[in-house]
C-alpha cells in the first residue's frame with residue numbers, strides 16, 4: 001500500500017461553493033501503485049471568479065478539458081512542477097484528470113517524464129490519433145464521473161503491458177527509498193543504498209524527471225509535511241516542521257512559501 005499520498009490545495013482549503021467544486025477519486029486497487037487519484041474541477045463563472053492553486057506533488061497528470069471545442073485540443077499532459085502556480089478562473093470549466101506517480105508514469109505515456117519539461121503537452125503529441133478517440137469517448141461519458149473513470153481505467157489497463165527499461169526499475173527503487181524516508185535521504189545515502197555513484201544517480205534522475213534527486217526529495221518531504229498538518233494533529237507548526245525534517249524555522253517558512261505561495265498560518269488557520 002502506498003504511504004506517499006500527495007495533496008493539492010483544494011483538499012487543504014475546502015472553501016467551496018456552488019460555483020466551484022474539486023473532487024478526488026480512488027483508482028482501482030490494481031492501478032493504485034501507478035495512479036494517485038482521479039480528480040475533477042468544475043467552475044461556473046456566471047456569478048464568480050476563482051483563484052485555483054496548484055502545488056508540486058511529484059506527479060504527472062493527463063488532463064481532459066470536457067468543454068474543449070475540438071477533440072485534438074481536449075487533453076494535455078502536465079509534467080513535474082518545481083514551484084506553485086495559480087490560475088485565475090474567469091471562464092466556466094469542467095476538467096477531469098488522471099494523476100500518475102512520476103516513477104510509474106512511463107507505461108502510460110511512453111516517454112520519460114523529463115520530455116514534458118514541466119510544461120503542458122498535447123496528449124495527441126504523445127498518443128497520436130488515439131488521443132482524439134479517447135477524448136471523444138471521455139467527453140461523451142462526462143455526465144457521470146464513474147463512467148469516465150471506468151472508461152479511462154480500461155485504457156490504462158491496456159497500456160500496462162509495456163515493459164519498463166532496466167533504468168526504470170532502478171529509478172523505481174530509488175523513489176521507493178525516498179518515499180520510505182519521507183524525502184529525508186541525502187543523495188549520498190541514496191546512492192549508497194542503490195550501490196551506484198552519486199553522479200550516476202543524479203544523471204538518472206535528470207534524464208528521467210528533468211530534476212535532480214535532491215529536488216524530488218524536497219517535494220516528497222514537503223508533501224509529507226502537508227499530510228501531517230492535514231491530519232489536524234495537536235502539534236504546533238514548529239513541532240510538525242521538526243518532525244518532518246525542517247530543523248530551521250526560517251528554512252521551513254521559505255520552503256513552504258516556495259512550494260505553496262502562502263505561509264502555513266494562511267493555509268492552516
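Read the figures in this text as sums done on the coordinates, not as results from a lab. Keep in mind the model is a prediction, meaning the values are calculated, not measured.
Beyond 24 Å, what percent of the Cα pairs of region 166-267 remain?
The answer is 30 percent, as a whole percent.
Given the -39500 (n - 2.57) contribution per DSSP H run of 4+ residues, what per-residue ellipticity at 222 nm results for the chain, rounded to the nearest 500 deg cm²/dmol?
Per the formula, -12500 deg cm²/dmol.
What is the log10 of I(q)/I(0) for region 71-214, computed with the Debye formula using one identical point scatterer on each Cα and no solvent, at q = 0.18 Å⁻¹?
Here log10 of I(q) over I(0) equals -1.12.
Let me know the whole percent of all Cα-Cα pairs from the chain that are separated by more than 23 Å.
Here the long-distance tail beyond 23 Å is 55 percent of all Cα pairs in the chain.
Please give the Cα centre distance for region 38-68 versus region 188-214, rounded to the nearest Å.
Measuring centre to centre over Cα atoms gives 33 Å.
Find how much the distance from residue 2 to residue 188 grows on full extension, using 0.36 nm per residue of separation minus their present alpha carbon separation; answer in nm with one decimal.
Gain on stretching residue 2 to residue 188: 64.5 nm.
In whole angstrom, how long is each semi-axis of the equivalent ellipsoid of region 9-159, when you take the square root of 5 times every eigenvalue of its Cα gyration tensor and sort them from largest down?
Ellipsoid half-lengths, sorted descending, are 23, 18, 16 Å.
Choose one answer from 248, 61, 28: the residue with the largest mean-square fluctuation in a GNM of the chain with alpha-carbon springs under 10 Å.
Maximum among the listed residues: 248.
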